[in-house]
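Enquirer: Take a look at the following structure, please.
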């Protein structure tokens with residue numbers, strides 16, 4: 001473990017393989033694995049998605065369900081293992097306009113154990129047709145930029161393939 005926990009951001013579009021990539025990156029660490037889930041099963045379809053993610057992960061993960069107080073969940077779980085936050089997009093949506101990105105970045109920089117964060121890449125789609133959706137997309141893009149700036153590593157999943165953006169040139173399956 002280093003003086004400060006490594007921050008890794010994984011981005012990509014819907015069904016790009018970003019969660020699977022993030023899980024592979026977590027497995028590189030020889031420490032307990034903690035999954036911080038921001039999703040809530042508000043309907044049957046979302047419940048099925050959550051169940052599929054749990055099945056795909058398999059055993060060996062402790063789950064913390066925290067849709068809003070992400071900073072609190074990170075502080076409370078620090079020192080207990082590598083954390084996978086899935087996902088920042090849902091967290092921001094759950095906060096309904098009150099997501100404190102500055103506090104998130106400060107909290108991430110204070111962690112002693114690694115954190116891998118998953119987010120969606122919303123800016124590559126069409127421009128939304130209403131002001132609220134455009135504001136969310138813009139705020140989300142600013143959040144991704146702030147977290148990417150603070151991150152030691154940034155990866156993008158494209159069609160199930162990993163693309164390293166920061167720093168360049170490493171296989172996600174290589175040992176640390």
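Enquirer: I'm trying to understand the selection: among the residues of segment 93-118, which are touching a residue at least 60 places away in the same chain (Cβ under 8 Å) and surrounded by 17 or more Cβ atoms within 10 Å (Cβ to Cβ)?
Expert: Of everything in segment 93-118, those that are touching a residue at least 60 places away in the same chain (Cβ under 8 Å) and surrounded by 17 or more Cβ atoms within 10 Å (Cβ to Cβ) turn out to be 108, 111, 113, 114, 115, 116, 117, 118.
Enquirer: Still on this structure, I have one more. In the set 10, 105, 68, 116, which member is touching a helix residue (DSSP H, G or I) at 6+ places or on another chain (Cβ under 6 Å), part of a loop (DSSP other than H, G, I, E, B) and within 20 Å of residue 143 (Cβ to Cβ)?
Expert: Details: 10 fails: part of a loop (DSSP other than H, G, I, E, B); 105 fails: part of a loop (DSSP other than H, G, I, E, B); 116 fails: part of a loop (DSSP other than H, G, I, E, B).
Going through 10, 105, 68, 116 in turn, the sole match is 68.
Enquirer: Shifting gears a bit: Has segment 131-145 got any residue that is under 12 Å from the mean Cα position of the chain (by Cα), closer than 24 Å to residue 29 by Cβ and surrounded by 15 or more Cβ atoms within 10 Å (Cβ to Cβ)?
Expert: Filtering segment 131-145 down to residues under 12 Å from the mean Cα position of the chain (by Cα) leaves 143-144.
From what is left, the residues that are closer than 24 Å to residue 29 by Cβ are 144.
Restricting the remaining residues to those that are surrounded by 15 or more Cβ atoms within 10 Å (Cβ to Cβ) gives 144.
Yes - at least one qualifying residue is present in segment 131-145.
Yes/no per residue for (1) in contact (Cβ under 8 Å) with a residue 60 or more places away in the chain; (2) closer than 26 Å to residue 15 by Cβ; (3) more than 17 Å from the chain's Cα centre (by Cα):
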| site | (1), (2), (3) |
| --- | --- |
| 39 | no, yes, no |
| 51 | no, yes, yes |
| 58 | no, yes, yes |
| 68 | no, yes, no |
| 75 | no, no, no |
| 84 | yes, yes, no |
| 91 | no, yes, no |
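Enquirer: Please determine, by comparing only the residues of segment 119-130 that are surrounded by 14 or more Cβ atoms within 10 Å (Cβ to Cβ) and touching a residue at least 60 places away in the same chain (Cβ under 8 Å), which one is nearest to residue 29 (Cα to Cα).
Expert: Taking segment 119-130 and keeping what is surrounded by 14 or more Cβ atoms within 10 Å (Cβ to Cβ), we get 119-122, 128.
Next cut, touching a residue at least 60 places away in the same chain (Cβ under 8 Å) only: 119-121.
Values: 119: 20, 120: 23, 121: 25 Å.
So, considering only residues that are surrounded by 14 or more Cβ atoms within 10 Å (Cβ to Cβ) and touching a residue at least 60 places away in the same chain (Cβ under 8 Å), the one nearest to residue 29 (Cα to Cα) is 119.
Enquirer: Here is a list: 14, 22. Which entry is closer than 23 Å to residue 104 by Cβ, in contact (Cβ under 8 Å) with a residue 24 or more places away in the chain and surrounded by 14 or more Cβ atoms within 10 Å (Cβ to Cβ)? Give the steps one after another, and end with the answer.
Expert: Values: 14 fails: surrounded by 14 or more Cβ atoms within 10 Å (Cβ to Cβ).
Testing whether each residue is closer than 23 Å to residue 104 by Cβ, in contact (Cβ under 8 Å) with a residue 24 or more places away in the chain and surrounded by 14 or more Cβ atoms within 10 Å (Cβ to Cβ) leaves just 22.
Enquirer: Looking at segment 31-38, can you tell me whether even one residue there is surrounded by fewer than 13 Cβ atoms within 10 Å (Cβ to Cβ), in contact with a helix residue (DSSP H, G or I) (Cβ under 8 Å, 6 or more places away or on another chain), at pLDDT 95 or above and in a loop (DSSP other than H, G, I, E, B)?
Expert: no
Enquirer: Going residue by residue through segment 150-160, is there one that turns out to be closer than 21 Å to residue 38 by Cβ, at pLDDT 95 or above and assigned to a helix (DSSP H, G or I)?
Expert: Quick first cut of segment 150-160, residues closer than 21 Å to residue 38 by Cβ only: 150-151, 153-157.
Going one step further and asking which of them are at pLDDT 95 or above, we end up with 150-151, 153-157.
Filter once more, keeping what is assigned to a helix (DSSP H, G or I): 150.
Yes, that holds for at least one residue.
Enquirer: May I pose another question? Collect the residues in segment 41-65 that are surrounded by 15 or more Cβ atoms within 10 Å (Cβ to Cβ), touching a helix residue (DSSP H, G or I) at 6+ places or on another chain (Cβ under 7 Å) and not in a helix (DSSP H, G or I), keeping them in residue-number order.
Expert: Hit for segment 41-65 is 64, nothing else.
The values are calculated or read from the model by the stated rules, or taken from the named source; none is laboratory data. As the structure is a prediction and not an experimental result, all values here were calculated from the model. Glycine also receives a Cβ, built like all others from the backbone with ideal geometry; neighbour counts cover every protein chain displayed.
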